[in-house]
Amino acid sequence: MNSPLPVYELFFSSLANPNRLQIVTSLRGGNKNVTEICTATGFEQTMVSHNLKTLERCGMVFAERRGKHKYYSLNQDTIKPLMKIIDAPVNEY
């Protein structure tokens with residue numbers, strides 16, 4: 001049986017990156033395109049696009065093309081519930 005450790009490492013290292021975590025946090029408010037994420041985070045477009053590719057590859061976000069823009073959303077089945085679980089102890093402190 002193959003060890004799931006490499007997958008766990010990729011998943012948690014993706015969320016451990018402060019820039020990607022801030023992007024994920026900005027998407028908690030709803031779908032956004034890259035320009036909207038840049039406005040919400042203060043990051044440059046190239047950095048946002050690079051990190052969105054990583055998040056998309058890990059299945060944390062999904063992209064949907066609408067006209068000229070791609071809109072990104074959080075994975076409703078995994079990331080959104082995970083963030084709620086994390087919020088519980090954070091809100092206590």
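Read-outs: derived from the displayed coordinates by stated rules, not from any lab. The structure displayed is predicted, hence computed values, not measured ones. Because the Cβ atoms are built from the backbone with ideal geometry, glycine has one as well, and the counts that use them run over all protein chains shown.
Annotations for the structure displayed:
- Flag if THR78 is among the polar types (S, T, N, Q) and under 9 Å from the mean Cα position of the chain (by Cα): no
- Positions within the stretch 44-79 being of a type in the set (Lys, Arg) and under 20 Å from PRO18 (Cβ atoms), in sequence order: LYS53, ARG57
Listed here are the residues, each with its yes/no results for (1) touching a Ser or Thr at 6+ places or on another chain (Cβ under 8 Å); (2) under 20 Å from LYS84 (Cβ atoms).
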residue: PHE11; (1), (2): no, yes
residue: GLY29; (1), (2): no, yes
residue: VAL34; (1), (2): yes, no
residue: PHE43; (1), (2): no, no
residue: VAL48; (1), (2): yes, no
residue: ASN51; (1), (2): no, no
